[in-house]
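The values are calculated or read from the model by the stated rules, or taken from the named source; none is laboratory data. Predicted model, so just to flag it, every value in this text is computed and none were measured. A quick note on method: Cβ atoms are made from the backbone with ideal geometry, for glycine too, and the neighbour counts reach across all protein chains shown. The protein model used for the area step is the full one, side chains on, heavy atoms only, and it has no ligands, DNA or RNA in it. Shrake-Rupley method; radii C 1.70, N 1.55, O 1.52, S 1.80 Å.
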Amino acid sequence: DALLDELDPARLRSWLADEVWRRQPATRLAPLAPPPAAERVRITPGPLLWLRPDGERVVLGLGDRHLTLPSEAHPFLAALLAAPEGFDVAGWDGRLDATSRAVVIERLATEGVVVPA
């Protein structure tokens, strides 16, 4: 009972999800070179992706690893995850400026999460 009093249910859920997915085979393989910049991208097939805020950062879970980005990227990433068939990067009108969007997309492409649609 004393241990249960010290455990935060949200942190425990997060840890449990990480442990389950950490043991899955890496199916989102990073390309040898990121694809060229694209105005429209799609999510690659692979394990479940999840997004969670973490203070001043946002964490994108890729199954076998995590990407940590500034919290300003959260709405952009949420919109991208909500459009797995294709996402118009250039047409997105949220708080993230064009340069920041390009950096996020390049990072996701490098990790094998998105490819040009």
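Quick notes
- Mean ellipticity per residue at 222 nm, deg cm²/dmol - from DSSP H runs of n ≥ 4 across the chain, formula -39500 (n - 2.57): -10000 deg cm²/dmol
- Rounded to the nearest 20 debye, the dipole magnitude of the chain is 420 debye, with +1 charges on Lys and Arg beta carbons, -1 on Asp and Glu beta carbons, and the Cα centre as origin.
- Accessible area per residue in Å² at 1.4 Å probe, computed on the chain: 63 Å²
- FRET efficiency for ARG65 and SER100, using Cβ-Cβ distance with R0 set to 22 Å, rounded to 0.05: 0.50
- Here's the picture: charge each Lys and Arg Cβ at +1 and each Asp and Glu Cβ at -1 in the chain, and of LEU60, VAL113, ALA79 the one pushed furthest to the positive end of that dipole is VAL113.
- The trypsin sites (Lys or Arg not before Pro) of the stretch 71-117 that DSSP puts in a loop, and whose beta carbon has at most 12 other beta carbons within 10 Å, are ARG95.
- With the convex hull constructed from alpha-carbon coordinates only, the chain shows a mean projected area of 8.1 nm² over all directions.
- Longest stretch of the chain clear of exposed loop sites (GluC sites (Glu not before Pro), DSSP loop, at most 15 other Cβ atoms within 10 Å, sites excluded): 1-38.
- Per-atom-type breakdown for the chain gives carbon and sulfur 58% of the accessible area (1.4 Å probe, protein chains only).
- Of GLY91, GLY61, GLY46, the one that fluctuates the most in a GNM where the chain has Cα springs shorter than 10 Å: GLY91
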